[in-house]
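Read the structure below first, then the notes.
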Amino acid sequence: MFSNLPPVTRALLIANAVVFLLQNVLGEAALSAFMLWPIGGGEGLYPGREFLPWQLLSYGFMHGSFTHLLFNMVALLMFGAPLEHTWGERRFLTFFLVCVAGAAVCQLAVGAWTMSQGGMAYPTVGASGGVFGLLLAYGMLFPNQRVMLLIPPIPMKARTLVIVYGAIELMLGFSGYQPGVAHFAHLGGMLFGWLLIRYWRGQPPFGRRGPPRPRVVR
């Protein structure tokens, strides 16, 4: 099955696995410059680190645990492969990276606000922002496709899954129930994915509002 995967999805799976292996072999301190650090620095085990431009993408290939990696890669496999078959390699890769970067922008904004309120902001790792963007795209392109949750194992339409996950992330983000999880980064991946699809379709806020005006032939 792995050999039959579309090339970009396969490459992303391999890249995330290799980086996770490097994290465990070299130690996270050696790769800490590739985590997404808050603007102005943040709390953590590696003092002196600060935000650098490449972190907008590099953080998305690092993971905090094997479980974190496993869930993200299963979701990438489930939703990424059919999207790449539909869009093609270039558009799929563009979409995924835009979602990863968009999630980073939202996380940086939340981190800046947290520090302005006297709180602490920490570095972020994980492909979850890109994965949540893929989830949203799958729900938009295949809204009536039945999907099965892993935990709990409940079948539902893809559109329903997107709404449920989005609502849960929004609730957890504002409640602060899971402070170690970047819920607003997940929502940021969905937001930027939605905006990019609207842009490709020529829909508001990028396209013309209302019906097209009739052309006058002279």
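Give me the orientation-averaged projected area of the Cα convex hull of the chain, in nm², one decimal.
Seen from a random direction, the Cα hull of the chain projects 15.8 nm² on average.
For region 65-109, what is the largest minus smallest coordinate of the Cα atoms on each principal axis, given in angstrom and ordered from greatest to least?
32, 25, 10
Of the chain, which part is the longest with no GluC sites (Glu not before Pro) in a loop (DSSP not H, G, I, E, B) and with at most 13 other C-beta atoms within 10 angstrom?
51-218
Could you tell me which residue out of Val110, Val164, Tyr199 lies farthest along the dipole of the chain toward its positive end? Charges go on the beta carbon: Lys and Arg +1, Asp and Glu -1, centred on the Cα centre.
It is Tyr199.
Between Met35 and residues 5 or more places away or on another chain, which pairs have amide H atoms under 5 Å apart, with H built 1.01 Å from N, and which residues are they?
Under 5 Å from the amide H of Met35 lies no amide H from a residue far enough along the sequence or on another chain.
Given the -39500 (n - 2.57) contribution per DSSP H run of 4+ residues, what per-residue ellipticity at 222 nm results for the chain, rounded to the nearest 500 deg cm²/dmol?
-18000 deg cm²/dmol
Laboratory data are not the source of any read-out in this text; all were calculated from the coordinates shown. Source: prediction; values computed, not measured. A quick note on method: Cβ atoms are made from the backbone with ideal geometry, for glycine too, and the neighbour counts reach across all protein chains shown.
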